[in-house]
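First the structure, in the form of structure tokens, and then the observations on it.
Throughout, read-outs are computed from the coordinates displayed, never taken from laboratory work. Values in this document were obtained by computation on a predicted structure and should not be read as measured data. Neighbour counts are summed over all protein chains in view; Cβ atoms, including those assigned to glycine, are modelled from backbone coordinates with ideal geometry.
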Amino acid sequence: MPKVAEKEGKYVYRVKKHGEMKTDAVILSDWETIDEEAIQQIINVATLPGIVKEAYAMPDIHWGYGFPIGGVAAFDVEDGIISPGGVGFDINCGVRMLVVDGPASIVKGRLDELVKRIYELVPVGVGETSDLKFSKKDFKRIVTGGAKVVVEMGYGQPEDLERIEDYGSIEYCDFSDVSDEAYDRGKDELGTLGAGNHFIEIQEVVEVYDPEIAKVFGVAPGSITVLIHTGSRGFGHQIATDYIRYMRDELKEHNKGLPDKQLINAPFKHSLGQAYYSAMNCAANYAFANRQIITHMIRKAFKSVCGLNVKLVYDVAHNIAKVEEYQIDGKTTKVIVHRKGATRAFGPGNPKLPALFRETGQPVIIPGSMGTASYLLVGTKKAEEWTFGSTAHGAGRTLGRREATRELSADRIINELKEKGVKLMAKSKKGIVEEAPEAYKNVDKVVQIVDELGISRKVAKCVPLGVIKG
DNA sequence: ATGTCC
């Protein structure tokens, strides 16, 4: 443990404000699994203008571009900043859980066919495009309106919308803040999965920790669930790239003296900060629409192969910045919360939640690495009071992609999944090694920590039956 | 994460 960190409690470590830090940094994790580069990154975040309360690291923290992945930081909207590195390149990368309306036995009996059908319907892999064609006018409607626009176009049902974070639509956005290049990269990728850690997984609920909440969420022991993990593809990536460049070129003086160039940012109130916020929200809407279209394809697959309907459980964002209000030093303060590899975890009574989840708190989805468990949890008041309504987002890497490629073998991983009875279809062997379970922390441990800390609570555990990867 | 280097 670096000398700067003090243990404050079980899974709570504090780096007291020192040097250029404007606030403390708090690490919520077991110490053994953390790399020191990521700790330095959350310390760097605490030096940024307008940061309020504390910077937080979740138990799945690992090194990222500028900000660590698994980091949460809130900046005052009046004198704080917004930073593309605090959101991530895959803007509104997130996870959506579906539940199959019917017996597990039917799905298990047709698993191979089902995985194959989904693989045919959803384009996967780097740079993969879809056959769906949207006019520029429709594309503009989609990225400014999100999931509801594609539902209107026939991809899903109006009831889906209240089961998406922010109803799958973020209002503050203007298409004129999006570059032509971002449009070009994004126009043919709606309805595609992508690569890297993105996946579609068919799972079975093996354990329910809170039956009442599980019932509200629509799952029970033995339920078949489907997880979709993807984001805004080349569209969001280009928007991040564009605005990092604009901020570097146009805000030289403001960004002078950063502890790390990758922390490049704009004052939130500055026209460039507002333009990034707007373009980022276009990418967020794109990602919600993307997961909605993929849901439609999965529903088609289940209908044709099993004759079963599929319902939405919930859809969460884990790479995004949002304006929210919190009590800070007894004062209601409007902040721009950056959740990078962190999941919103609003508790019971939060007015931003639909009536459906008003009494329980919002569903939270924490996927594991390939072949391991995934969890459905519920948000808490404690998260709202402590971590700006945030919790972890996944297992978190322990090996970089390059290290994983060097140390692990795709064939062995394929065999291990086969032995476990998990059906895998993947576009590339490279993706398999990079996403091997050995390259990640143990998701069970991450979930145990957030549950014990009370920043979200376990509801159900799912294990994989079939995996589709890029 | 990503038309995995403009």
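Let's see how each residue does on (1) surrounded by fewer than 23 Cβ atoms within 10 Å (Cβ to Cβ); (2) of a type in the set (Gly, Ala, Ser); (3) part of a helix (DSSP H, G or I); (4) in contact with a Phe, Trp or Tyr (Cβ under 7 Å, 6 or more places away or on another chain):
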position	(1), (2), (3), (4)
A:Glu385	yes, no, yes, no
A:Arg402	yes, no, yes, no
A:Asp444	yes, no, yes, no
A:Glu452	yes, no, yes, yes
A:Ile455	no, no, no, yes
A:Lys458	yes, no, no, yes
A:Lys461	yes, no, no, yes
A:Gly466	no, yes, no, no
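Scanning the stretch A:111-131 for residues that are surrounded by fewer than 17 Cβ atoms within 10 Å (Cβ to Cβ) and either acidic (Asp, Glu) or more than 16 Å from A:Lys427 (Cα to Cα) (or both) returns A:Asp112, A:Glu113, A:Glu120, A:Asp131.
For the structure I just gave you, tell me whether A:Asp210 is without any contact (Cβ under 8 Å) to a residue 60 or more places away in the chain and farther than 15 Å from A:Pro464 by Cα. Break it down into steps so the answer makes sense when it comes.
Numbers: without any contact (Cβ under 8 Å) to a residue 60 or more places away in the chain: no; farther than 15 Å from A:Pro464 by Cα: yes.
Answer is no for this residue.
All of A:Gly196, A:Gly146, A:Gly186, A:Gly168 fail the test of being within 16 Å of DNA strand B (Cβ to nearest atom), under 18 Å from the mean Cα position of the chain (by Cα) and either within 30 Å of A:Gly431 (Cβ to Cβ) or among the acidic types (Asp, Glu) (or both), apart from A:Gly196. Considering the stretch A:224-250, the residues that are buried (at least 22 other Cβ atoms within 10 Å of the Cβ) and hydroxyl-bearing (Ser, Thr, Tyr) include one that is farthest from DNA strand B (Cβ to nearest atom), namely A:Thr225. A single entry from A:Glu207, A:Glu212 fulfils the requirement of being away from DNA strand B (no atom under 16 Å from the Cβ) and not in a strand (DSSP E or B): A:Glu212.
Where strands (runs of 3 or more DSSP E) sit wholly within the stretch A:1-97, those with at least 1 residues that are crowded, with 20+ Cβ neighbours inside 10 Å occupy A:12-15, A:24-28, A:54-62, A:69-76. In the set (1) more than 16 Å from DNA strand B (Cβ to nearest atom); (2) surrounded by fewer than 17 Cβ atoms within 10 Å (Cβ to Cβ); (3) not in a helix (DSSP H, G or I), the condition left unmet by A:Tyr155 is number (2).
Starting from residues that are in contact with a Lys or Arg (Cβ under 9 Å, 6 or more places away or on another chain) and crowded, with 16+ Cβ neighbours inside 10 Å, keep the ones in the stretch A:251-269 and report whichever is farthest from A:Ser83 (Cα to Cα). I'd like the intermediate steps shown before the answer.
Of the residues in the stretch A:251-269, the ones in contact with a Lys or Arg (Cβ under 9 Å, 6 or more places away or on another chain) are A:255, A:261, A:264.
From what's left, crowded, with 16+ Cβ neighbours inside 10 Å: A:255, A:264.
Values: A:Asn255: 11, A:Ile264: 6 Å.
Only one residue tops the list, namely A:Asn255.
Here is a yes/no grid of residues against (1) part of a helix (DSSP H, G or I); (2) on the phi > 0 side of the Ramachandran plot; (3) of a type in the set (Asp, Glu); (4) under 24 Å from the mean Cα position of the chain (by Cα):
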position	(1), (2), (3), (4)
A:Leu227	no, no, no, yes
A:Thr241	yes, no, no, yes
A:Asp249	yes, no, yes, no
A:Gly257	no, yes, no, no
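The selection criterion, being touching a Gly at 6+ places or on another chain (Cβ under 9 Å), more than 27 Å from A:Val447 (Cβ to Cβ) and not hydrophobic (A, V, I, L, M, F, W, C), does not hold for A:Asp166. Restricting attention to the stretch A:171-183, the residues that are part of a helix (DSSP H, G or I), more than 16 Å from DNA strand B (Cβ to nearest atom) and touching a Phe, Trp or Tyr at 6+ places or on another chain (Cβ under 9 Å) add up to 2.
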